[in-house]
Structure formats: structure tokens, C-alpha cells
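Reading through the C-alpha cells given below for one structure.
The values are calculated or read from the model by the stated rules, or taken from the named source; none is laboratory data. Just so you know, these numbers come straight off a predicted model, no measurement behind them. In this analysis, Cβ positions are derived from the backbone assuming ideal geometry, glycine residues included, and neighbour counts consider all displayed protein chains. These accessible areas exclude ligands, DNA and RNA; they are computed on the full protein's heavy atoms, side chains included. Shrake-Rupley method; radii C 1.70, N 1.55, O 1.52, S 1.80 Å.
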Amino acid sequence: MRCPAALRSATADGAPPRRAPVQIGAGVPIGLSEGSMDQAESSSAAAPSGNAEDKFDNDDYPAYSMGRAAEILGVTPAFLRSVDAAKLISPQRSDGGHRRYSRYQLRLAARARELTDRGTPLEAACRIIILEDRLTEAQRINTQRQQSRQTGQSPPS
């Protein structure tokens, strides 16, 4: 059984989907310190165009190669390929066809590893993560609606 493509990395036009990132810790993938993220960002490939700082601040920017992502998470590249095959994440591809991962995708892969390390099958872990993501998004929308009711503004859709 494959996980639905609910958390694909990009829409058909290549733009990242609109969603709230999974907040695990302080915006850093599970098991990572701020220092390791800074080190990972500084050692990542240079941005092809635009302001590099804007891209690194973007959780959906595919800044990490498979090898670097595996090193950051403490997993093998085979694990990342299995998470891709399970359709939990779908990394973007470089011009040369290599997988490129975003920080958001690293958080999802880290959560999948955490669940599988506890004995949860990958397919079940994938479903759990999707449901957690949907719950987080629903809570974010509810909070926005409550705030807009208090201020008398119409809620954003």
C-alpha cells in the first residue's frame, strides 16, 4: 500500500503546495540542532538564481542532496528512497536528475524514521504523518478564523 500523494513536493506547475509546515521543535528537523542546520545550509550547493538567503529561509526550497540529507538525518540513502517510493515525499530533481530535499521534507523523513525505529511499518508511519500534517493545518486555519472573528475581519481562505 502506498501513501497518497497528499504531501508531494510541488504542484504540476512546479510551485510548492500551500500548506503549513510540520512544526517539530523550533523549525529544525527532529534530532537536529540549530548548529547542524546552519552547517548543512552553508555546505549546500549554491543557489542557481535569486537571493540565496531567501531560498534558505524557504522550508520548501530543495537545498539538500540525497547524501547530505541522509547524513543530516543519520539514515541511509536507501531509507530516503523508500520514503520517496512510499509517496510520503517527492524530492525535486536537479538538472542532472539527482534528488534534492527541502527542510520540510527532511522533517517528514525524520518523523518517518522516528516512527519506523519504534516498529511502525513505513506505510502506517506515512499515514500517521499525513494525518498529523492535516491536523496541524486544520488547527492553523481554526486559529486564523478565531483571530479574524475577534478583529471583525473576514477569514482568509
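Within the stretch 77-86, can one find any residue that is of a type outside the set (Ser, Thr, Tyr), in contact with a strand residue (DSSP E or B) (Cβ under 8 Å, 6 or more places away or on another chain) and at pLDDT below 90?
No, the stretch 77-86 contains no residue that is of a type outside the set (Ser, Thr, Tyr), in contact with a strand residue (DSSP E or B) (Cβ under 8 Å, 6 or more places away or on another chain) and at pLDDT below 90.
Which residue pairs have Cβ atoms under 6 Å apart, sit 6 or more places apart or on different chains, and have a first residue in the stretch 77-95 that is basic (Lys, Arg) and a second that is open to solvent by less than 50 Å² (accessible area, probe 1.4 Å)?
Lys87/Cys3
Quick check on Ile141: is it of a type in the set (Val, Ile, Thr), in a helix (DSSP H, G or I) and more than 20 Å from Ala86 (Cβ to Cβ)? Please lay out each step first, then the result.
Values: of a type in the set (Val, Ile, Thr): yes; in a helix (DSSP H, G or I): yes; more than 20 Å from Ala86 (Cβ to Cβ): yes.
When the stated conditions are applied, Ile141 passes them.
For residues in the stretch 116-141 being in contact (Cβ under 8 Å) with a residue 60 or more places away in the chain and not charged (D, E, K, R), which is most open to solvent (accessible area, probe 1.4 Å)?
This residue is Thr136.
Taking Gln144 and the conditions (1) over 21 Å from Asp57 (Cα atoms); (2) touching a residue at least 12 places away in the same chain (Cβ under 8 Å); (3) in contact with a helix residue (DSSP H, G or I) (Cβ under 8 Å, 6 or more places away or on another chain), which numbered condition does it fall short on, given that it satisfies the others?
It fails just one condition, (3).
For the stretch 68-104, how many residues are part of a strand (DSSP E or B), open to solvent by 50 Å² or more (accessible area, probe 1.4 Å) and of a type outside the set (D, E, K, R)?
Counting residues in the stretch 68-104 that are part of a strand (DSSP E or B), open to solvent by 50 Å² or more (accessible area, probe 1.4 Å) and of a type outside the set (D, E, K, R) gives 1.
So for the stretch 105-115 (the condition being within 18 Å of Thr76 (Cβ to Cβ) and either assigned to a loop (DSSP other than H, G, I, E, B) or open to solvent by 50 Å² or more (accessible area, probe 1.4 Å) (or both)), does at least one residue qualify?
yes
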